[in-house]
Structure formats: structure tokens, C-alpha cells
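Report on the following structure.
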Amino acid sequence: MINQGNLMFGYFWSPLDQPSLFKELGDLDSINLKVESVAFSKLTPPTHFLTNDFTWIFQEIVNTYGTPTFGEINPAVFANVSFPFLFGVMFGDVGHGLMLMIAGGLMCLYQDRLSEDVAKLRYITLMMGWFSFYMGLIYNDCMSIPLTVFGKSCFEGSKQICVYPFGFDPVWLEAENDIPYYNSFKMKISVIIGIAQMTLGIFLKGLNAVHFKKPLDLYHEVVPQALLLLCLFGFMDLLIIKKWLTDWNGKDAPQIINIIINIFLTQGAIPEGEIAIIEHQTFWCRIMLFIAIITPPWMLFVKPFLIKQKYN
């Protein structure tokens, strides 16, 4: 703002559909204002996202970690679902999820009686409660008590091979190895979902690089990051799914964590007496090891070197 006697020049950013937004800054009725559009081709406009009562809280969560720059894809669009869903994966319980969902529903019904800060949390509370309730049905866990909503245990009766209609068979919570079994499943499903979310983030970064025409970012950040992620953790997800789909006929199934460790210790060699999960497993493990070795220096050194060469 420049003050030249009674004449003042000021510059500000305003959304195109809200040209009078700056008037909310104070009482300017007594001042004769003339607003003109000025083109700033070398300046990056600040980011402005239009939100409502539902999307506001998720946008705030994203902005806490970093506000997207002008023109970037807004990850809060995906966080509207992914954030409460991942909470449900962690907190999955029918009883506690139902209580949280009821609390969110009451907050939505009686929002006028709540303070403004508390009322803003009503939708995220409702969604976290719903996803916790849904994942609790999958885990078949209601405050550490198994449910028989979808019928009795599949192991009761004369059937030797059967599949429970939905979620975990209730007999698992009564088994001696219930904790290792549940922890193993939750850890693996969390890895699969987490890698999927990280892959989405790298994909969005690639789209941003294409949009802003930054080939260095695309070829020397996005590409090696995607290779490193998919060829290590994506390969681990493949092993998890393949292990789930394999009938081991009573044999001891190989430990996936040992396979990942052996990629770096023994170049993927299969220990004597152990069964491979996929065909040509040693070959593929060595390919993954090669990619894991070349991608970190690719990410760290190639782009700075090319930038230095350009400026020289």
C-alpha cells in the first residue's frame, strides 16, 4: 500500500467471482473506491479453495501439512473419504464406531445448540463413526466380542470347506492364535491400503509436473519415486495377495518379511526347504534390488546436476 497524500494505491488478490470481498476488511463506505484488474504475470497468486461445512475440516487438515500452490491438484478432495476411512481401518469396532456415529448424528441434528467450533466437527465425527462401524463388521469385533450377525461359525456343522458370508468368522476370536492372526491381517491390509494411497500421491505429483511443464520434476523425481515405491512395497503387496490366494495344503507358508529382508541380504535367494510364493521369485527379487539401488541417487543427484549445468 502506497500513500501519496490523499491518494492511496493498494494491490490485493480477490477471486473473480467475489470482486467485493475486500470490503469485508473494514468500513469503506465513506471512501470512493475504484478497482481495476492488474495482470501480474510473474507473481504466483495465493491459493483460495471454496469450502462448505462438510469439506472445511478436511481442507484444514491438508493445510496443516502444507497448502497446495496455485494451480496444483487439491489433495483434500481425496481426503474427504480417505481420512475417515483410514481412521475406520485403525479404530474398527462395531460398538465404539456406533457410539461415535450416534454422537456425530446428534451433532448434525442439534448443530444450532453447539458452539461454532464444535459444530464444525459434526460431519467428520459422523463419517469416522460410520467407517469404524463398517470396519468393525469386517473385523467381526464389538468391544472384543464376536458377532453372529451373518450366521454361526463356518466351522460348526458338517462342512469341511466353507466361506463365512461377511467379515471374519466369529470362531477366530476364540482361537488360541487370535491375536497373531488379527494383527497379521490388519498389518497386511494396512500396508496394501497405505501403499495405494502413497501411489495416488505420487500420481498427483506427476500430474502437477505435467501441468506446470516441469520435465525435471517428472522424470527425475516422480519416475524414480514411483519405481522405488512400487518395486519394493508394491512387490510386497503382490506377495501378500498371492500368499492369501494360495492353498498351502498344510505346509508352512513363507514369511513375507523374511523375503523382503533377504532381497538385501542374499539377493533374494530362497532358503533351503522354503517354498517360493511366485514363479522365478529369486529373479524378480534381484530386479527389485537393482531398482532399489539406482533410484535413490537418481532422485538426489540427477536433477541438481542438470540444473547446475543449465545455469553454467
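The values are calculated or read from the model by the stated rules, or taken from the named source; none is laboratory data. Fair warning: this is a prediction, and the values are worked out from it, not measured in the lab. Don't worry about glycine lacking a Cβ; one is built from the backbone with ideal geometry, like all the others, and counts go over all protein chains shown. Only protein heavy atoms, including side chains, enter the accessible area calculation; ligands, DNA and RNA are left aside. Shrake-Rupley method; radii C 1.70, N 1.55, O 1.52, S 1.80 Å.
Observations on the model:
- Which numbered condition residue 94 fails, given (1) open to solvent by less than 50 Å² (accessible area, probe 1.4 Å); (2) out of contact with any Cys (no Cβ under 9 Å at 6 or more places or on another chain); (3) among the β-branched types (Val, Ile, Thr): (2)
- Per this entry, residue 257 is not counted among residues that are touching a residue at least 12 places away in the same chain (Cβ under 8 Å) and not charged (D, E, K, R).
- When restricted to residues that are buried (at least 17 other Cβ atoms within 10 Å of the Cβ) and free of Cβ contacts under 8 Å to residues at least 24 places away in the same chain, the stretch 68-91 contains 2.
- Once the stretch 268-312 is narrowed to residues that are of a type in the set (Phe, Trp, Tyr) and within 21 Å of residue 230 (Cβ to Cβ), the residue that is nearest to the chain's Cα centre (by Cα) is 298.
- Residue that is farthest from the chain's Cα centre (by Cα), among those in the stretch 227-239 that are free of Cβ contacts under 8 Å to residues at least 40 places away in the same chain and open to solvent by less than 30 Å² (accessible area, probe 1.4 Å): 239
- Check on residue 106, more than 21 Å from the chain's Cα centre (by Cα), aliphatic (A, V, I, L, M) and open to solvent by 60 Å² or more (accessible area, probe 1.4 Å): yes
- Filter result (open to solvent by less than 20 Å² (accessible area, probe 1.4 Å) and of a type in the set (A, V, I, L, M, F, W, C)) within the stretch 240-269: 240, 256, 259, 263
- Residues within the stretch 185-225 that are in a helix (DSSP H, G or I), closer than 15 Å to residue 303 by Cβ and not aliphatic (A, V, I, L, M), tallied: 9
- When restricted to residues that are touching a helix residue (DSSP H, G or I) at 6+ places or on another chain (Cβ under 6 Å) and either closer than 23 Å to residue 77 by Cα or not polar (S, T, N, Q) (or both), the stretch 106-119 contains 3.
- A Cβ distance below 8 Å, combined with a sequence gap of six or more or placement on separate chains, defines the contacts here; from the stretch 269-290, residues that are in a loop (DSSP other than H, G, I, E, B) reach residues that are of a type in the set (D, E, K, R) and crowded, with 16+ Cβ neighbours inside 10 Å in the pairs 277/243.
- Number of positions in the stretch 135-152 that are over 15 Å from residue 186 (Cβ atoms) and assigned to a helix (DSSP H, G or I): 0
- If you go through the stretch 162-197 and keep only what is over 28 Å from the mean Cα position of the chain (by Cα), open to solvent by 40 Å² or more (accessible area, probe 1.4 Å) and among the hydrophobic types (A, V, I, L, M, F, W, C), you end up with 162, 163, 171, 172, 173.
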